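**Student:** Let me give you the structure first, and then I'll get to my questions.
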Amino acid sequence: MKSFNPKEYISTQLMVLRENKPLVVSITNYVVMNNTANALLAIGASPVMAHSRDEMAELMSFTGSLVINIGTLDSVWIERMRYAIEQANYHQKPVVIDPVGCGASTLRTKTAREFCQLADKLIVRANASEVMALAGMESLGKGVDSHDPSEVALLAAHHIINTFGVKQVVISGETDYVVNAQHTYQLDNGHELMPLVTGMGCTHTALTGAFAAIDFDSAGLCSTAILGVAGELAAQQSQGPGSLQMHLLDKLHQLDELALINNLQCKQYQTQNHVA
């Protein structure tokens, strides 16, 4: 049996995404709507920023996936997000949840956990502190920023998978991890400028939504690899975070198989062995 080759597989999935141009419905925060919509367009997907309950059932009937981002949360948004997840469940569509600032307030933590419990076909994408807070563990998070290294959240990710029935937990940081019940992938791409661009994690979440519409099982791995490589290549041409944001969109648009094969740094572990 041929062994799994992440570079070849991710390259193929990128081509499939560009051919299919999946629709991604996002209920996301005010800060990053433009960033995430542009990133989805650059990669080859089709974004819809939808917030009205009145159209959500109809949109969920034909979208590829739903992205929920709780970055600018309030009571009205919570109700709309809840309804959207229910409709995604009804139509058996994948849901990607970004629990922005989970652990920073009771409202964010409670809401993130509720949504994880509610969604049937779920991927969580978060930083290490958010993952730990979601799992009920103490973390060093400050507001929406993480001060925990990614590797300390691996046990928390495994706990989330077991508690909420989550398919994948994607942990963003200096080193990225994609955790499912069987395997853990460690990805070492990216650049130190990337956290200085607001919404970079939210962009990661949006891209995960795009790949979830193509292949739910590998969505976190593909989005993490592609954003990391694109960010690393973009940083080579950037003078700071402002130019990085511009070059990142270009690299997402231009990324090809050769760039992935030459630059992707990915290791695979058995999940139980790696998080024990």
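**Student:** From the list Asn29, Asn38, Asn20, Asn5, pick out the single residue that is at pLDDT 95 or above, more than 16 Å from Ala213 (Cα to Cα) and of a type outside the set (D, E, K, R).
**Tutor:** So the residue among Asn29, Asn38, Asn20, Asn5 that is at pLDDT 95 or above, more than 16 Å from Ala213 (Cα to Cα) and of a type outside the set (D, E, K, R) is Asn38.
**Student:** Could you list all residues from segment 57-77 that are of a type in the set (A, V, I, L, M, F, W, C) and closer than 21 Å to Asn127 by Cα?
**Tutor:** Within segment 57-77, Leu66, Val67, Ile68, Ile70, Leu73 qualify.
**Student:** Give the residues of segment 88-115 that are in a helix (DSSP H, G or I) and closer than 17 Å to Thr28 by Cβ, sorted by residue number.
**Tutor:** The answer is Ala88, Arg108, Thr111, Ala112, Phe115.
**Student:** Determine which member of the set Ile85, Ile10, Ile68 is part of a helix (DSSP H, G or I), closer than 15 Å to Ala119 by Cβ and modelled with pLDDT of 95 or more.
**Tutor:** Checking each option against the conditions leaves just Ile85.
**Student:** I'm told Arg80 meets every condition in (1) touching a Ser or Thr at 6+ places or on another chain (Cβ under 8 Å); (2) within 25 Å of Ala157 (Cβ to Cβ); (3) modelled with pLDDT of 95 or more except one. Can you identify the failing condition by its number?
**Tutor:** Arg80 satisfies all of (1) touching a Ser or Thr at 6+ places or on another chain (Cβ under 8 Å); (2) within 25 Å of Ala157 (Cβ to Cβ); (3) modelled with pLDDT of 95 or more except (2).
**Student:** Here's a follow-up. Looking at the structure I just gave you, is Ser129 in contact with a Ser or Thr (Cβ under 6 Å, 6 or more places away or on another chain) and crowded, with 24+ Cβ neighbours inside 10 Å?
**Tutor:** Yes; evaluated as a whole, the condition is true for this residue.
**Student:** Checking the structure you have, find out if any residue of segment 252-267 is assigned to a strand (DSSP E or B) and either of a type in the set (Lys, Arg) or out of contact with any Phe, Trp or Tyr (no Cβ under 7 Å at 6 or more places or on another chain) (or both). Outline the logic, then answer.
**Tutor:** Within segment 252-267, the first condition is being assigned to a strand (DSSP E or B), and the residues that meet it are 266-267.
Filter once more, keeping what is either of a type in the set (Lys, Arg) or out of contact with any Phe, Trp or Tyr (no Cβ under 7 Å at 6 or more places or on another chain) (or both): 267.
Looking through segment 252-267, at least one residue is assigned to a strand (DSSP E or B) and either of a type in the set (Lys, Arg) or out of contact with any Phe, Trp or Tyr (no Cβ under 7 Å at 6 or more places or on another chain) (or both).
**Student:** Could I ask something else about it? Kindly indicate the residue of segment 9-35 that is over 27 Å from Lys267 (Cα atoms) and among the β-branched types (Val, Ile, Thr) and also farthest from the chain's Cα centre (by Cα) among those meeting that condition.
**Tutor:** From segment 9-35, those over 27 Å from Lys267 (Cα atoms) are 19-35; that's our starting set.
Those still in the list that are among the β-branched types (Val, Ile, Thr) too: 24-25, 27-28, 31-32.
Numbers: Val24: 13, Val25: 14, Ile27: 14, Thr28: 12, Val31: 16, Val32: 14 Å.
Restricting to residues being over 27 Å from Lys267 (Cα atoms) and among the β-branched types (Val, Ile, Thr), the top hit is Val31.
**Student:** Within segment 161-181, does at least one residue satisfy the condition of being in contact with a Gly (Cβ under 6 Å, 6 or more places away or on another chain), surrounded by fewer than 22 Cβ atoms within 10 Å (Cβ to Cβ) and either closer than 29 Å to Lys251 by Cβ or at pLDDT below 95 (or both)?
**Tutor:** no
**Student:** Hey, another quick one. All but one of (1) surrounded by fewer than 21 Cβ atoms within 10 Å (Cβ to Cβ); (2) out of contact with any strand residue (DSSP E or B) (no Cβ under 6 Å at 6 or more places or on another chain) hold for Gln268; which doesn't?
**Tutor:** So the condition that Gln268 fails would be (2).
The values are calculated or read from the model by the stated rules, or taken from the named source; none is laboratory data. Please read all numbers here as calculations on a predicted model, not as lab measurements. All Cβ positions, even for glycine, are placed from backbone atoms using ideal geometry, and neighbour counts span all protein chains on display.
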